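Student: Sharing a structure with you now.
The values are calculated or read from the model by the stated rules, or taken from the named source; none is laboratory data. Please read all numbers here as calculations on a predicted model, not as lab measurements. Cβ: placed from backbone, ideal geometry, glycine included. Neighbour counts: every protein chain shown. Quick note on the areas: whole protein, heavy atoms, side chains included, nothing else; ligands and nucleic acids left out. Shrake-Rupley method; radii C 1.70, N 1.55, O 1.52, S 1.80 Å.
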Amino acid sequence: MFPDSSTAPIFLSSLTRVPVEACEQYSSCKECLGSGDPHCGWCVLHSMCTRKEKCERSSEPRRFASNIKQCVRLSVHPNNISVSQYSVMLVLEAHNVPELSAGVNCTFEDLAEMDGLVEGNRITCSSPAEKEVPRIIVEQGVKLCCHLPIKYKGKLGKITEYWHLLRCLSCVGSPYQCHWCKYRHTCTHDPSSCSFQEGRVKQPEECPQLLPADRILVPVNIVKPITLRAKNLPQPQSGQRGYECLLTIQGVEQRVPALRFNSSSVQCQNTSYSYDGMEMSSLPVDLTVIWNGDFSIDNPAQNKVHLYKCDARRESCGLCLKADPLFGCVWCKGENRCSLKQHCPHPQSMWLEHNGINSKCTHPKITKITPLRGPREGGTLVTIRGENLGLEFSEIKDHVKVADVECTPVPEGYIPAEQIVCEMGKAERSQFAGNIQVCIGECRPEFMAKSSKYYYFVIPRLLSLKPNRGPVSGGTIVNITGSNLDAGSNVSVMLKDQKRGGQWITCRSHPSMQGYGNVSVSVFVDKAHIHKDLKFEYVEDPTITKLEPEWSIFSGNTPVTVTGTNLDIIQTPLIRAKYKNLETVNICQVLSPTIMQCMAPELPYSLNRQKEVPERPDEFGFILDNVQSVLALNNTNFMYYPNPVFEPLTVSGVQELKPGSPIILKGRNFLPPAPGGNGKLNYTVLIGDKPCTLTVSETQLLCESPNLTGRHKVLARVGGIEFSPGVVHITSDSPLSSTAVISIAGAGGLLIFFIVIVLIAYKRKSRESDLTLKRLQMQMDNLESRVALECKEGKQEQVEKGLKLFGQLINNKVFLLSFIRSLESQRGFSMRDRGNVASLIMTVLQSKLEYATDECAGEPLFSLFCAIKQQMEKGPIDSITGEARYSLSEDKLIRQQIDYKTLVVNCLHPDNEKSPEVQVKVLNCDTISQVKEKILDAIYKNIPYSHRSKASDMDLEWRQGRVVRVILQDEDVTTKIEGDWKRLNMLSHYQVTDNAVVALVPKQVTAYNSVNNSTVSRTSASKYENMIKYTGSPDSLRSRTPMITPDLESGVKVWHLVKNHEHGDQKEGDRGSKMVSEIYLTRLLATKGTLQKFVDDLFETIFSTAHRGSALPLAIKYMFDFLDEQADKHSIHDPHVRHTWKSNCLPLRFWVNVIKNPQFVFDIHKSSITDACLSVVAQTFMDSCSTSEHRLGKDSPSNKLLYAKDIPSYKNWVERYYSDISKMPVISDQDMNAYLAEQSRMHMNEFNTMSSLSEIYSYVGKYTEEIVSALEQDDGARKQRLAYKLEQVVAFMSLES
C-alpha cells in the first residue's frame, strides 16, 4: 500500500531491535509457562525463565520445559519430623527432572549438606544430625520454626520441621502426631514420655480451657469476684501451686488469687481494679488463668474483662442514660454527674436512669449547627449538635423546626442525646432567617431547646467557568465562580472532587464518555438547580514527541525542552522520575501549544547516596492532568549523570590573586559524558555578586574574574547544586599615582605618552597570552591526569593486593615473632624504631584485641533527656521565645492561658509511602515547623539526629482524599498580620482535623496546590524559614536571643503564642511580681514531680560506686588519691577543702558540662526549653556538690526552691561516693598505665590499617634479606612457606617505586 501524491513521505531516521518477550519477569516454572508467552520456557537446571536458545544444553531431555505439565515436582516422605528427632531417612520422589547420574546434593539451608542416594526417580537423604541442628530457644511459650529446602544444583523442593506453640490446643490440634502432658505442661512427639498419670491429652476436647463467657463487666474501684466457666481444669498435684488470674491493665500485670471450684469452674477472688485517665469510658482487659506459677489455661474464646467508669466521657445527662444498661449508671441530679447507683447519695427519686421511672433528661441544649445557610428550595441536611437531645428517635421526630420551616429528622444521622440530622423543607419567599427549635417529646419549656445562632435562606448564583477546555482523559481542575456557593449541605456538579467556598467551586473533570466536543455543566445545591449556560470543551490529549536534552545530573534542575501537541491545555504540567520506588517531580512552563520548558527532576536515589556511575530511572514522564499515556514514556532513554563535585580553592579557603588573574575551580564531573559529546551544563560562578565568564573542562572551571579588588566569596551554581569553594583576596597592582603620571607627562611630553600607550597595549596583550596559556595548560593537565590516573589505578591495585597479603602475614603468629626478632637483632634498629613498629603493629592488630569499657551513667542521662523532651512537648511551646507550659525554669514558663487540643496525624513515611502510616501526636497550636520536628522524631526515633532528614529541607503536605494536597508552611499568603505583629501559622490556622493524613515531601522550587487551583510558589522560604534553616529547629536558634527584632523591610515582628514586648517592658502577666512567681511555682513543682525519678536515677548512678562495680574508671580513684596525698603533704586536714578539690576536678568540671550538654555525648538535638530545664538540673547538681549551707529566703530563685528538699539527700550521696572511693584499693602506677593503654585502644576504628601496613613494610624493604633468612631458618615458617609469601609481597610492592 503506497501513499497518494497528497500524502507526505515517511522517513525512518533510525531502526532499533526491540525484544518481543520479557521472560525474566517470571520467577517460577508455573508463572513462566502459565503466562502464555510462546517465546518463554523454563530452563530447569538454571531455575530461570528464558528463550530456548539461551538455555544451556536445552536439547537434552527434561532440561527445558515448554509445557506447564513438564515443571519439576518433588514430594518428600515423611514431610515433617520433630525437633528432637535426628538423622531420619527421608525419601524424595522427583518427577520431570533431568538425568541425575551426576549425583545429588541434599542441602538443609546452612545446617548440613550431604550426598543423596539416587534410585530411579527416588532420592534418599538423611536429615541433619543432632550436632548440626541449632539449639531451639523457647521464649514466652513459643518455639520457632525452620524451613529446610533441599537443593539439587538449584531449588527443587523443601521439607519443613515445625516446633509448636506451648499450648494444649495448638499442640494436639496440629496436623502432626503430638501429645500434651497436662501436668507437665509440655508438648511431645513421643507418647511413651507422657504417662496416663501425667494427664496425656490426645484430642482438643480434652484440653483444659475456658468456655465462652458473656461480657464480663467490672466497675472500677468496686470489690467483686469474677467467675469463669471452664472444662478439664487440672487439680494441682503435690508440690504444685494453685490458680491465679492474670489481668494486664494498661501494660501492667495484676495477679489475683483464684479458687478452682471443680474441673468446670474457677473464680478470681474479691479484688478491685482501676485504670488511669478519663479518656475511655470502658477498657477491655486481657484475662489469663494460670496455675503452678506459669502454666496457662487455653482461652480460645479470647474472654476479656471490661473495666468501666460511669463518669468518664459522660458529662451530660443524655450521655449518661445512653450508656449500656448493664453498667448500672444513673444521672445523680443532686450531684449533676453520672455515677453508679450505690454512689449517688440522694434518694431514688433524684435519679435518672434508662428505662426507669425517671428516664427523660431536661434542659436540652444546642451547641453547634452546620450549615447556617441554604437554598429556599430545601433538601439541605442540617446537622444539630448538642446535649440531652433525646434517647429515642421517636422523641425528636416531627419536633424540629429551622427558621420556622419543618425539618424532617433523618434516622441514619441521629445519635442519641448528641446529634440530630434533618432535611429542610421548602421555604416561602417571605421567609429569610430564624433560629433552630428542638423539642424532646413535648414542647414544654424544660424539654425545649432554641439556638442562639440563626439559619439564613440564600440564592446561589453562577458567573463563569474557567478554564473552559481540557483533555479527554480528564483531570482538569475547573473553577466555577459565583455567589453563595457554600450554602447548603451538598453541591452536585457533573464534574468530580468538588470543593467550594462562598464565591467559588473547584472540581476536576471526568474522562470524556463521548470523545471530543462541548458538554454542559450543571450545578445543584441541594434541591436548588442553578440555571446558567456553562460549557466545557474536551479536546485531544497532549502528546510528547521529543525531549532535548535527554539527560540531567543526579540533583536535577537542569533545563529540558519538551516538544509535543496540545501542551497549552494543561494548567500545571509536571515532569516526573521514578527510581527504586521513589518518585520526584519538578515544574514545567508552557511556552506554546507545542513547546514547554521543564526543569529535570532529581534522581530520587541520589537523596540517599551519592553514586559515581550514570543511572537510568525506572520511569520518566509527565503529569499532565489525568493523561496516562505520558506518565511513563517508552520512547525515551533519559539518563542521569553524577553531580559535579568542587574542591576548595586552597586548604585555608582563601586564595590570593592579582586583578585580572583567572580563577580556576577544580573538581570532577564538570562535563557529563552525554551522547554526542554535547554534555554541557549551565554553570554560574559569582565573585561576590558579580558573574564571571567561564571556560569549562572535565576537571576545571576557568573563570575570568571581573575587575574587582578586596575579599569576595566565590559561589558556583549548577542544576540544583550551590557550593562555595572559598574566598578570593584580590590585591591591587599598585599602578603609578596620578601625581606621578602628570609629572612624567609634563617632563616627557608626547614621547613618554606614546611609550605609556605601548606599555599598556603590551600589558594587555601579555594578559591575553597568559590566559591562552592557562587554557592550553589546563587541556594538557587534563590529558596528563587521564593518562596518570589509568597508570595509577593499575599500580594502586597491585600495591593494595600486596598490602593485604602482608596484613595476612602480620596476623600469622610465627611470622610476627620471627619478624620482630629479626628487626631487634639489627644494629641500625633504634629505640625510636622499636616504638614506631610496636605502635604500627598494634594499629594493624586492633581488631584482635578484646577489651570492654562501660559508662553506666549514659542510660539515665539519655532517659532524663527523653523524659524532659516528652514532658515539654505535652503542652504548648512558643516557637519564637522557647517558652513552654511545662517547664522547670521559671524564665521559660508561659504565663498566659493557651487553649489547645491534642490531635493525632497519620504520616506517610517519606522514604516509602506504601509502608504503614505512622501515628504522631501533635497540638493544634503547634507551628508547621514544630509539627515537622515531631513527625521526624516519630519516624526516625531509632536513627541518630545527624543522619535524619532536616525539617527545613522538607515540606508538610496535608492530603485530603486522593487528589487534594495542601502545602502547610509557617508563613505564606494566608499568614495573619495585625498591626506590626505577624503570627506564625499553626495547625489550627489551616483547620487541620484529627486523624488527618499528612506527608513530608522534599522542599522544591514550586509546588501546585489543588485547593486554590493555582501554582503556589515553593521558592526559597520566607526570611523566618531561612533563619530556622540555620540549625534545623526554631528553638535551637532562639535559645540564644529572643526574636523580637522587626523585619527590616516591613517592620513586622513575628510571634507565635506569646508576644515579646520591648526589652524594657515587662511581659504580660507582670513577670516582675513575686506573687506571680508563687502562683506558677505549683506548675513548676508538678513538672518537677514528673521528672523526679529520672533526676534521682541519674544522680544516684553518678554518685554511686555500687551501681558501677568494677566499671568505675581507675583514673577517678587515682586522681582522688593524688589529691588526698597532696593535702596530707601540705598539712591540709579541713575536709571541706578536700571535698571542694574533688568536686572541682570531677563533678563540676565534667559532669555539669555533660548534664547541660547531652548533645556532646549523644547524637540528638537539644531545644531551648530542654536546655533551660537541663540548666536547672545542672544547677541542682552543682548545689549538691557544695559544702556550704543551702539557705533559702523569699528572694531565692525558683530553681533553688524546687529542689530544696532534695539537695540534702544528694549531698549525702556525694559524701558517700567520695568516702567509698577512698576505701577502695590503691591503684598502682603499673595498673594505671595499663588502664591508659586500654583507653587508647578504644579508638581502634579511627586508624588506617592500610597506611600502617605501608609504614611497617618500609622496615621490610630495609631488612629484606635478614628477615627472609630468619624465616628460612625457622621450622614453623618453612612449613608454612612464609619466606615465599614475603617474597610475593616484595614483588607486588616493588611496583610502587
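Student: Sort 373-379, 1133-1139 by packing, meaning the average of other beta carbons within 10 Å per residue, with the highest value first.
Tutor: So the peptides 373-379, 1133-1139, ranked by packing, come out 373-379, 1133-1139.
Student: Determine, from the Cβ-Cβ distance of THR684 and ARG711 and an R0 of 22 Å, the FRET efficiency 1/(1 + (r/R0)^6), rounded to the nearest 0.05. Don't jump to the answer; show the numbers that get you there.
Tutor: Working: r = 20 Å, r/R0 = 0.92.
Here the calculated transfer efficiency is 0.60.
Student: Given R₀ = 30 Å, what would the calculated FRET efficiency be for ALA1115 paired with THR1187, taking r from the Cβ atoms and rounding to 0.05?
Tutor: Efficiency computed from Cβ-Cβ geometry: 0.80.
Student: A further question on this structure: Tell me, what is the Rg over Rh of the range 217-346, with Rh the Kirkwood radius over Cα pairs?
Tutor: My calculation puts Rg/Rh at 1.07.
Student: Taking the Cα-to-Cβ direction at SER839 and at GLN419 and moving 7 Å from each Cα, how far apart do the two end points lie in nm?
Tutor: Placing both labels 7 Å along Cα→Cβ, they lie 7.6 nm apart.
Student: Bins of 5 Å, beginning at zero and ending with the bin holding the largest distance: percent of Cα pairs per bin for the range 269-313, please.
Tutor: Percent of pairs per bin, in order: 5, 17, 22, 19, 17, 11, 7, 2, 0.
Student: While we're on this one: Which residues does a label at TYR176 reach in the range 105-131, if reach means a backbone N under 16 Å from a point 7 Å past the Cα toward the Cβ?
Tutor: In the range 105-131, the label zone of TYR176 (backbone N under 16 Å from the point 7 Å along Cα→Cβ) covers 127-130.
Student: Put a dot 7 Å past each Cα toward the Cβ at PHE862 and GLU647; how far apart are the dots in nm?
Tutor: In this crude spin-label approximation the distance works out to 4.0 nm.
Student: Of the GluC sites (Glu not before Pro) in the range 550-643, which ones lie in a loop per DSSP and count no more than 13 other C-beta atoms within 10 Å?
Tutor: Counting only loop positions with at most 13 other Cβ atoms within 10 Å, the GluC sites (Glu not before Pro) in the range 550-643 are GLU612.
Student: Is the range 955-997 best put as rounded, prolate or oblate by its Cα gyration tensor, with a ≥ b ≥ c the root eigenvalues, rounded for a/c under 1.5, and otherwise prolate when a/b is larger than b/c, oblate when not?
Tutor: Because a/c hits 1.5 or more and a/b exceeds b/c, the range 955-997 counts as prolate.
Student: In Å², and per residue, what accessible area does the range 236-321 have when probed at 1.4 Å with the other protein chains present?
Tutor: Working: 4010 Å² over 86 residues.
About 47 Å² of surface per residue is accessible.
Student: Another one. Of all the accessible heavy-atom surface of the range 327-447, with the other protein chains kept in place and a 1.4 Å probe, what percent is carbon and sulfur? Each step should come with its number before you reach the end.
Tutor: Values: 2930 of 6170 Å².
Carbon plus sulfur share of accessible area: 48 percent.
Student: Which order do the peptides 508-516, 553-561 come out in when sorted by mean C-beta neighbours inside 10 angstrom, highest first?
Tutor: Ranked from most to least packed, the peptides come out as 553-561, 508-516.
Student: Follow-up. Given R₀ = 56 Å, what would the calculated FRET efficiency be for GLU93 paired with ASP618, taking r from the Cβ atoms and rounding to 0.05?
Tutor: Working: r = 43 Å, r/R0 = 0.76.
Computed FRET efficiency for GLU93 and ASP618: 0.85.
Student: I need the fraction of alpha carbon pairs in the range 195-275 separated by more than 20 Å, rounded to a whole percent.
Tutor: Of the Cα pairs, 42 percent sit more than 20 Å apart.
Student: Follow-up. Taking a 29 Å limit on the Cα-Cα distance, which of the listed pairs LYS322/LYS901; LYS1129/LYS1223; LYS901/LYS950; LYS869/LYS1205; LYS941/LYS982 fall beyond it?
Tutor: Details: LYS322/LYS901 26 Å; LYS1129/LYS1223 19 Å; LYS901/LYS950 26 Å; LYS869/LYS1205 24 Å; LYS941/LYS982 33 Å.
In this structure, LYS941/LYS982 lie more than 29 Å apart at Cα.
Student: Based on the Cα gyration tensor of the range 22-121, what are the three equivalent ellipsoid semi-axes, each the root of five times an eigenvalue, rounded to whole Å and given largest first?
Tutor: Details: eigenvalues 176, 46, 30 Å².
Taking √(5λ) for each Cα gyration eigenvalue gives 30, 15, 12 Å.
Student: Give me the distance between the Cα centres of the range 250-302 and the range 797-837, rounded to whole Å.
Tutor: Between the Cα centre of the range 250-302 and that of the range 797-837, the gap is 69 Å.
Student: Next question. Want the number for LYS874 to ASP568: 0.36 nm per residue separation, take away the alpha-carbon distance, what's left? Provide the component values of the computation, followed by the final result.
Tutor: On the way: separation 306, 0.36 × 306 = 110.16 nm, distance 5.03 nm.
Result: 105.1 nm gained on full extension.
Student: What is the distance in Å between the Cα centroid of the range 683-715 and that of the range 342-384?
Tutor: Comparing the Cα centres of the range 683-715 and the range 342-384, I get a distance of 76 Å.
Student: Can you give me the orientation-averaged projected area of the convex hull built on the Cα atoms of the range 822-964, in nm²?
Tutor: Dividing the Cα hull surface by four gives the mean projection, 16.9 nm².
Student: Further question: Can you pull the one-decimal nm distance between simple spin-label points at HIS306 and ALA1234, each 7 Å off the Cα toward Cβ?
Tutor: 6.8 nm
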